[in-house]
Structure formats: structure tokens, C-alpha cells
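The values are calculated or read from the model by the stated rules, or taken from the named source; none is laboratory data. Note that the coordinates shown come from a computational prediction; the quantities given were computed from them, not determined experimentally. Because the Cβ atoms are built from the backbone with ideal geometry, glycine has one as well, and the counts that use them run over all protein chains shown. Protein only, heavy atoms only, side chains kept; ligands, DNA and RNA dropped before computing areas. Shrake-Rupley method; radii C 1.70, N 1.55, O 1.52, S 1.80 Å.
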Amino acid sequence: MRRNNLFKTIIVVLAVVWSIVVLMPTLQLKQQQKTADSYYAEIEGNTTLTTNDVKASLASGNLELRVRDTFVDNSGKSVDDLVDDVTALVALDEEMVKNEPKSIKLGLDLQGGTYLVYEVDLPDLLENLAKDRDSSLEDAIGAVSARIATNNEDFFDVLPIVFSEAGLSLSRYFGSRGDSGADIVSELQTEAEDAVERTLEVLRNRIDQFGVSEPSITKRGARRIVIELAGIQDVERAKKIIGTTALLEFQLESEPDLLSSVLDRINLVMKKQLGREPKDSLATAEVDADTTYKMREETEVSVSEILGTADGASDGDTTVMLDQDVFQDRPFDAMLANLGFGLGVPIKNVRTVERILNSPEVREVLPDDVEFLLFSQPEKYGEQEYYRLHLVTKDPELTGNMVANAQVQIGSQLQAGQSVVGMELTGEGGKVFSRVTGANVGKRLAIVLDGKIVSIPNIQERIPSGRAQISGMANIEEAKDLAIVLRAGALPAPIEVIEERTVGPSLGQDSIEKGTYSALVGLTFVVIFMVVYYRLSGLVANIALFLNMLIMLAFLAGFHATLTLPGVAGIILTIGMAVDANVLIFERIREELRNGKTIRAAIDGGYGRAFTTILDANVTTLLTALVLYQFGTGPLRGFALTLSIGILASMFTAIVVTRIIFDYFTNKMTLKKLSI
């Protein structure tokens, strides 16, 4: 073997190994999904739950409770047997959650789901913002809507023109009397942009109810929001949940003594489930009182050991992080961590903790007036990320309809130069807030959006003015996010569906089967042609073709790309293009052999003379694909992505891999004739 081929060979081997490793989660996930479907069918057949309900309950951690509540004896299967299936499904779902981010994602056109395009109703928003509403305003806004529908003009470009034609002043309805028309339009545009951002925040929190692993919620243009829910075919349910009002609540954190008592009860329940003999009571047991509030020396253990069942590992064991020493006496505390100002749950433990808190046995020992809530986003402490966990009163002190406004401000005095959020309450809200803050100075008040805590500030003093300031944000972006949440108690403006599309799982599966069939047919014809026309050299090209396919799919998985039906078309096109470079090389080698050159010289000449042509052809195609990806949308981007990856992979396999194979055989064997 030539010395300069050693490095190339290492690169090829590494590429093949990397491709196989990267594609393993995709192959595992496919098998796991088949197993999960059988569990879904079993649960659906013995309860009143649908598959979508099961997925949502898996995401929220209360599937066992819902199965017990909705159990129907349709097949002679006992509720305990069905709970065993639930336990296995939860363990399997844990593994699927690990594999999904590492797998090739399928678009809605391949796996089925719901595609919705919403548009924020600007006319309705403006009527809500108006200082005075009368028939003239309604007529003018109606005229604006009619004109943009006909001429496809921008709403805010048409607004001042229509008002001027109607003899109306914008300052009569918006802004202040002395404001110019341009200033008012600019302010209204800002309000509209803010309304869209607030709507996005509300929808992102609300979509979690579907149990979709990776929903897509994106802003398109100035007014539209695109939502893709893979695997959800119930469009009406999706629209109902998306269109409802968000639930913004302010809930007091419970007393530390109550938290300690509740943790004692949960630990006692878990010890009984694990079959350990509990002491008279955990409250009087000789256990270090600070156990829960110390950072752990964490160890990774099996979920089945935590839950005390053998079923937890039935379909691929899952693990959690805990302190084994603490686990012996306080198994629930062992899964938590002290963050200095409260409890935290390592990301790895979240689903198991939720499952424990939602189990019937634990719910029985929880006081009726409190609940555990997690933060909406994880926070990093040291080397790990944790979701903060708080015990709060179940009945809210205030609700979102008592918040009049919230804006980012720059703090003064102790918070000078820091980003803070100024919150303004309604008249009724101000009175309630004054009473609540006065009675709970020194406590924390959780701001909860759709069941998830977004912030939990300290009450430093009684606030009688109806204006509060929330500090402690790390940066201005965090402050902006909190302000959006506080203003997101309801959808800021009506949204209407302008496009909806549902792809059933059978149609998606049909697309996959037809796409796979087309690819296999094309691949078969190419392989046969290359072997028949170029003989053993064609076989070398076919090896490169298969490596090209392997590397291309690995790139899709490794870079978390989404494979769509047009993407499948790009793959099929790549199959034909992949051997194009080898055709050019082989024809050049044939020319060199006809000119009387030796096999070694003919191979060198063939690759050397064909390289410029191959590079030129592939670069121009790649540039076209990049333009499609940059300026195209949806299907075009999927096609351009797979085509781009295929072009790069085919150049590597056609020029590098095949050359290594030729060099190997010409060095190891004395060839009198080249089979080409």
C-alpha cells in the first residue's frame, strides 16, 4: 500500500465506524416504537384512554394513576397486569427519550401528525387597544382588512392611508393627542410584535400537554405561527388546547416544616414499596435532619431498584442519579439535591420523580391543599443541570387576569444597572396583592404558567401600590422572558387557523414504503448496470455507493436533521449522481488503457484527468442546493439538505474510497488486465 494511502484509509475506517455508531439509536428507536405500539394498543383496549392520552400522561408522569382511574375489563386482564404493562412502557419510554434526539427525525409527511398555521388577528388587536371604540373605527379597520386581502399590502402601511381617506385621526383612537401618525403606527407595530411573541410563549407552554417529543413552534413572517405536532392526528383537540386561555397563577411556597413532613411521608411510602421494614416513623427516626439539604456524591442506579419492581428493566434498563447511603433510609430524598435555596431534581431523574409523585400511594399521603411543581426550564449548578422543585399551596393567591402590564426596567438603588421586571396590577389585583404580601413577608411567591414555575421571587415587604418589581434575573433576556410570561395570562390577541393539514400514520407509512421501494429499485438498477458495464470496477463503485448511503444517513442523524418526503427524493437522486463521478473516472481510465499505458499509469491518469470535471459538476450542483436551502421553505429545504449531504458524501466515496481499493489491489497483485 502506498504511504500516502495510510492516512486516507484511517479516515475511511473512522467514517464507517462513526456512521454505524451514529445510526444505532435510529435502529434501536425503530424497534422500540414497535414495542411501544403494542403497549399503547393494550392500554387503549383496556381503558377509556386513547393513544394520544397515553402519550400525554407519559409526558406528565401520571399514566399509572390514569390507567387505574379509567380501567375497563374488556379482555379479562386485571388492573395489576395492566399496571405491569404501564411500568414496562414507562421504562421503554425512558429509553426512547434518550434515543430520539440522536435519531433521524421524520417529518409530518412521513410519520403523520398535525400541521397548523395560525395568524394573529390584528384588526381585533387594534380594536382592543383603542381608547374609544365606535362604528367609524370598526368601519376603518374593516376597510384596512378588505384592502390588504385584495392587494396583499402590509397592514400598517395601509392603516394610516385608510384613516386619512376616512377623515379620521389616528390619535383619536390610539396614543396621545400630540403624537404624530408615524409615531402611533410605530407604537402599534411594536404592540403587534409583542402580541405575537406573547402568543408564542403561551403556545410553547401549552403544547407540552400533547406529550410530543419535539414539537415545532415557529414564527413565520410578522403575524403567523406554524405549529407541527408529529404523531398527533386529533386536529380538533389540538385546536381546542391551543386556543384556550393560558393559566397564569401566583402560588405561595409552603412552610419548610410542612415540606419536611411531606418528604417524610413520601420516603415512608417508598420504603414500604421497597419491602424494607420502616421505623416507627421517619419523623422520629435517627436520620440526619440535613440529609435532604446536602449536595450528593451521586451514583447511577437502576430505576427498577428505585421502584422496587423487576418490570422496570423489562425493555432496556434505565437509570437515575442518587446517593446510595441516603437511599437506604430516605429513598425519595436520595434522588433530590440541595441547591442552597431549595430542592433540585437532576434532569436524569425528572421523569422518575414525577412518576413517584403521581403514584396513587404518594397522592394519598400528600395534603389536599399543596402540590409539588417543577420549574419550566432547567438551571445549571456546577457541572449538572437541575429542575428546581417546590412545594406550593394549591389555591392561587392571584391569577393572570389581575396583571395589567409587565415591562423590563433598569433597577435603581440596590439593583442599580440590573435588569428587573416591573409588574402593574389591576385595581382588584392591587388590593389582593397588598394583603398577600403584607401577610407573607419573607416568603416566596411562585409565578406559575400552565402548571410550571417560571420564577419564585421573595416577598421583601408589603406592596400596597399595585406595582411590584421582580429582581434577581441573570440578564436582560431572562427579564424579557419573565415579562412576556406575566403578560401571557391569556392569548393577547385572537388567533385564527388559516391552514390545517393532518397526515395519518397510515399515509405516512405508505409514503415511507413507497419512498423506500423507489430507492431500492433505483439502487438495484444502478448496481446491476455498473457491474454489467464496468465488471469488477463497477463492483468497486457499488461498494462506494453503499458507503455513500451509510454516511449520508449518519449525517442526517448526527446533525438532527428532519427527513421529509422531498428529502427522500433527494436521496434517490443522490443514488444516481453518486456513481456519476466513477463513470467519468472509469471512462478516463479506459482511454488511458487504449492509449497503451500501464494499469498503474492508466489509473493515475484517469483519476487525475477526471478530478477537475467531477469537482466542477459537483460544486455547481452543491451551490444550487445551497441556494434552495437558503431561500426555499419546507419541502425545498428538505430536498436541498439531503442533496447537499449526498453530493459531499459521493465525492468522498467516489474519489477517495475507490482509489484506495484500486491502489490496494494493484500493489498486492500483479494485474495483467484491469476488469473495466
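List of remarks:
The rows are residues; the columns are (1) under 24 Å from residue 521 (Cα atoms); (2) not hydrophobic (A, V, I, L, M, F, W, C).
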| position | (1), (2) |
| --- | --- |
| 573 | yes, no |
| 602 | no, no |
| 608 | no, yes |
| 617 | no, no |
| 632 | no, yes |
| 635 | yes, yes |
| 645 | yes, no |
| 649 | yes, no |
| 671 | no, no |
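- The residues of the range 180-193 that are surrounded by fewer than 15 Cβ atoms within 10 Å (Cβ to Cβ) and either basic (Lys, Arg) or touching a helix residue (DSSP H, G or I) at 6+ places or on another chain (Cβ under 9 Å) (or both), listed by number, are 180, 182, 186.
- With respect to the conditions (1) aliphatic (A, V, I, L, M); (2) buried (at least 18 other Cβ atoms within 10 Å of the Cβ); (3) farther than 14 Å from residue 534 by Cα, residue 573 falls short on a single one, namely (2).
- The condition (being over 23 Å from residue 607 (Cα atoms) and touching a residue at least 24 places away in the same chain (Cβ under 8 Å)) is satisfied by just one residue among 666, 653, 642: 642.
- Within the range 595-653, the residues that satisfy the criterion of being surrounded by 14 or more Cβ atoms within 10 Å (Cβ to Cβ), among the β-branched types (Val, Ile, Thr) and within 25 Å of the chain's Cα centre (by Cα) are 642, 645.
- Counting only residues that are within 18 Å of residue 562 (Cα to Cα) and in contact with a helix residue (DSSP H, G or I) (Cβ under 8 Å, 6 or more places away or on another chain), the range 600-633 holds 5 of them.
- For the range 162-170, the criterion of being farther than 30 Å from residue 566 by Cβ, not in a helix (DSSP H, G or I) and not small (Gly, Ala, Ser) is met by at least one residue.
- Every test in (1) at pLDDT 80 or above; (2) within 26 Å of residue 275 (Cβ to Cβ); (3) outside any helix (DSSP H, G or I); (4) open to solvent by 40 Å² or more (accessible area, probe 1.4 Å) is passed by residue 372 save one, and that test is (4).
- Test for residue 100: is it assigned to a helix (DSSP H, G or I), touching a residue at least 60 places away in the same chain (Cβ under 8 Å), closer than 30 Å to residue 351 by Cα and open to solvent by 30 Å² or more (accessible area, probe 1.4 Å): yes
- For the condition in contact (Cβ under 8 Å) with a residue 12 or more places away in the chain, more than 30 Å from residue 63 (Cβ to Cβ) and of a type in the set (S, T, N, Q), residue 136 qualifies.
- Test result for residue 554, closer than 30 Å to residue 216 by Cα, in contact with a helix residue (DSSP H, G or I) (Cβ under 7 Å, 6 or more places away or on another chain), part of a helix (DSSP H, G or I) and among the small types (Gly, Ala, Ser): yes
- Residue check for residue 29: open to solvent by less than 80 Å² (accessible area, probe 1.4 Å), under 30 Å from residue 547 (Cβ atoms) and of a type in the set (A, V, I, L, M, F, W, C): yes
- Qualifying residue in the range 400-418 (condition: within 30 Å of residue 338 (Cβ to Cβ) and modelled with pLDDT of 90 or more): no
- Residues satisfying the stated conditions in the range 667-676, i.e. open to solvent by 30 Å² or more (accessible area, probe 1.4 Å) and either in contact with a helix residue (DSSP H, G or I) (Cβ under 8 Å, 6 or more places away or on another chain) or not in a helix (DSSP H, G or I) (or both): 669, 670, 671, 672, 673, 675
- Single residue of 216, 171, 145, 136 found to be under 30 Å from residue 53 (Cα atoms) and either touching a strand residue (DSSP E or B) at 6+ places or on another chain (Cβ under 6 Å) or surrounded by 15 or more Cβ atoms within 10 Å (Cβ to Cβ) (or both): 216
- Restricting the range 5-26 to residues that are in contact with a helix residue (DSSP H, G or I) (Cβ under 9 Å, 6 or more places away or on another chain) and open to solvent by 60 Å² or more (accessible area, probe 1.4 Å), the residue that is modelled with the lowest pLDDT is 8.
- Every residue from the range 110-140 that is within 38 Å of the chain's Cα centre (by Cα) and aliphatic (A, V, I, L, M): 110, 116, 117, 120, 122, 125, 126, 129, 130
- If the condition is being of a type outside the set (A, V, I, L, M), closer than 21 Å to residue 374 by Cβ and open to solvent by less than 40 Å² (accessible area, probe 1.4 Å), then the range 34-63 contributes 57, 61, 62.
- Pairs with Cβ under 6 Å, 6+ apart, first in the range 549-566 and over 16 Å from residue 25 (Cα atoms), second open to solvent by 50 Å² or more (accessible area, probe 1.4 Å) and of a type in the set (Phe, Trp, Tyr): 566/639
Residues checked against (1) closer than 16 Å to residue 449 by Cβ; (2) out of contact with any Gly (no Cβ under 9 Å at 6 or more places or on another chain); (3) modelled with pLDDT under 70:
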position	(1), (2), (3)
221	no, yes, no
226	no, yes, no
229	no, no, no
234	no, yes, yes
240	no, yes, yes
250	yes, no, no
255	no, yes, no
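- Single condition residue 619 does not satisfy, out of (1) within 20 Å of residue 541 (Cα to Cα); (2) assigned to a helix (DSSP H, G or I); (3) out of contact with any Ser or Thr (no Cβ under 6 Å at 6 or more places or on another chain): (1)
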